[in-house]
Amino acid sequence: MLSKFLFASVVGLAAVAAHADAGYPNKNIVLVTPFPPGSTSDLIPRLVAPLMSQSMGVTVVVENRAGANGSLGAARVATAAPDGYTLLMATTGVLAINQWIYPKLQYAPDKDFEPVINAASTPNMLVVNPSVKAATLKELVALAKAQPGTLTYASAGNGSTSHLCGESLKVASGVDIVHVPYQGPAPAMQDVLSGRVSMICDNLSNVIQNVRAGRLRAIAVTGKETSAQAPGVPTSAQAGVPDLEAGIWYSFVAPAGTPKAIVDRLNTEFAAALKDPAVTSRLESLGLSIVADKPEQFKAFISDEAARMQKVVAAAGARVQ
């Protein structure tokens, strides 16, 4: 009798879940961005939200919840109801780096989220304030060696790709430059632009407009290939430091336990918005490449990236106490 009761309960719950999936969505969807406004991690959700609002018939809003290299926003979504109404814009740092940097992380990247889609990716670019007397990577390394502890580099926060890129530069070239962490890439960029900090190795999409305007000087693209958006800028390998490689990807995930039907629906909606000609053109103009993969592909990619970044973090010796 008990087993029949349990069976009936399970069937009943499954029916309720199926009905909920069929009625999805019927209220506002929140895209939590774990960084401040003014960066690519904020731009991407704001570009896709209006298109998704139109196609899904409900309002899709963006909520900024910044702090601890995306950890605060990630923790907010990790504990949200797994119903498809609270989603996270997750970067490389959130899903593949923070667990190797922070000893007491408030979420588990591999357990607390359902991968939805990897939206786009871009390499990093090492740039300096024009006051820095170096036009090439070799000149920058020589200047840093001549003035140890004088040059500074900004980052979007401890554990960000801009942090690891700076630490990798120190290890690969043997220079002593000082890390200055910020709460997100936008405030970090402001201090590099003002000259209060010497340089930053941030994602290309965050820096390219300032390079084009002459407000920053490009030193190297820290990817395997040169960028079509900065054709005259060499890769770090071409510039003489082959071990300096960094980039970032931007994705969307849902709380663990979100029904597959909802995850698949969201994947379709995000992909359609990302492939909208206006969105694609805007992102590609900033040096981003659209990925728009399937949830299963993205899940395997996260696992590979986490293993790769564990090695990068160990080599750089990066850690937050």
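The values are calculated or read from the model by the stated rules, or taken from the named source; none is laboratory data. Please read all numbers here as calculations on a predicted model, not as lab measurements. Ideal geometry is used to build each Cβ from the backbone, glycine not excepted, and the neighbour counts take in all protein chains shown. Protein only, heavy atoms only, side chains kept; ligands, DNA and RNA dropped before computing areas. Shrake-Rupley method; radii C 1.70, N 1.55, O 1.52, S 1.80 Å.
What the table below lists for this structure:
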{"read-out": "Residue of P82, P231, P50 that the Gaussian network model of the chain assigns the largest fluctuation, springs spanning Cα pairs under 10 Å", "value": "P231"}
{"read-out": "For the chain, built as a Gaussian network whose Cα springs stay under 10 Å, the top-fluctuating residue of F301, F270, F113", "value": "F301"}
{"read-out": "Accessible surface, per residue, of region 71-195 when the full set of protein chains is kept, probe 1.4 Å, Å²", "value": "35 Å²"}
{"read-out": "Cut-off under 5 Å, modelled amide H: who pairs with D202 long-range", "value": "M125, V127"}
{"read-out": "Percent accessible area from carbon and sulfur atoms, region 75-121, protein chains only, probe 1.4 Å", "value": "48 percent"}
{"read-out": "For region 130-259, alpha-carbon Rg relative to the globular expectation (2.2 N^0.38 Å, N residues)", "value": "1.08"}
{"read-out": "Residue-span extension gain [S289 to D264] - 0.36 nm each, minus C-alpha spacing", "value": "6.8 nm"}
{"read-out": "Approximate spin-label separation D243-A142, in nm, with each point projected 7 Å along Cα-to-Cβ", "value": "2.2 nm"}
{"read-out": "Spread of Cα-to-Cα distances over 5 Å intervals beginning at zero, given as percent, for region 28-76", "value": "5, 24, 27, 22, 14, 7, 1"}
{"read-out": "Share of Cα-Cα pairs in region 213-321 lying beyond 21 Å, as whole percent", "value": "55 percent"}
{"read-out": "Distance (nanometres) between label positions extended 7 Å along Cα→Cβ at E63 and V178", "value": "3.8 nm"}
{"read-out": "Three principal axis lengths of region 102-147 [C-alpha, angstrom, descending]", "value": "47, 28, 17"}
{"read-out": "Space enclosed by the convex hull of the alpha-carbon atoms of region 127-179, per residue, Å³", "value": "74 Å³"}
{"read-out": "Extension gain, D304 back to A213 (0.36 nm per residue minus Cα-Cα distance, nm)", "value": "29.1 nm"}
{"read-out": "Built amide H within the under 5 Å cut-off of I29, gap 5+", "value": "T59, V60, V61"}
{"read-out": "Region 220-282 and region 170-203: distance between their alpha carbon centers, rounded to Å", "value": "22 Å"}
{"read-out": "The chain - Rg over Rh from alpha carbon coordinates, Kirkwood radius", "value": "1.03"}
{"read-out": "Most fluctuating residue given options S160, S289, S236, as computed from a GNM of the chain linking Cα atoms under 10 Å", "value": "S289"}
{"read-out": "Percent carbon-and-sulfur accessible area, region 155-290, ignoring ligands, DNA and RNA, probe 1.4 Å", "value": "50 percent"}
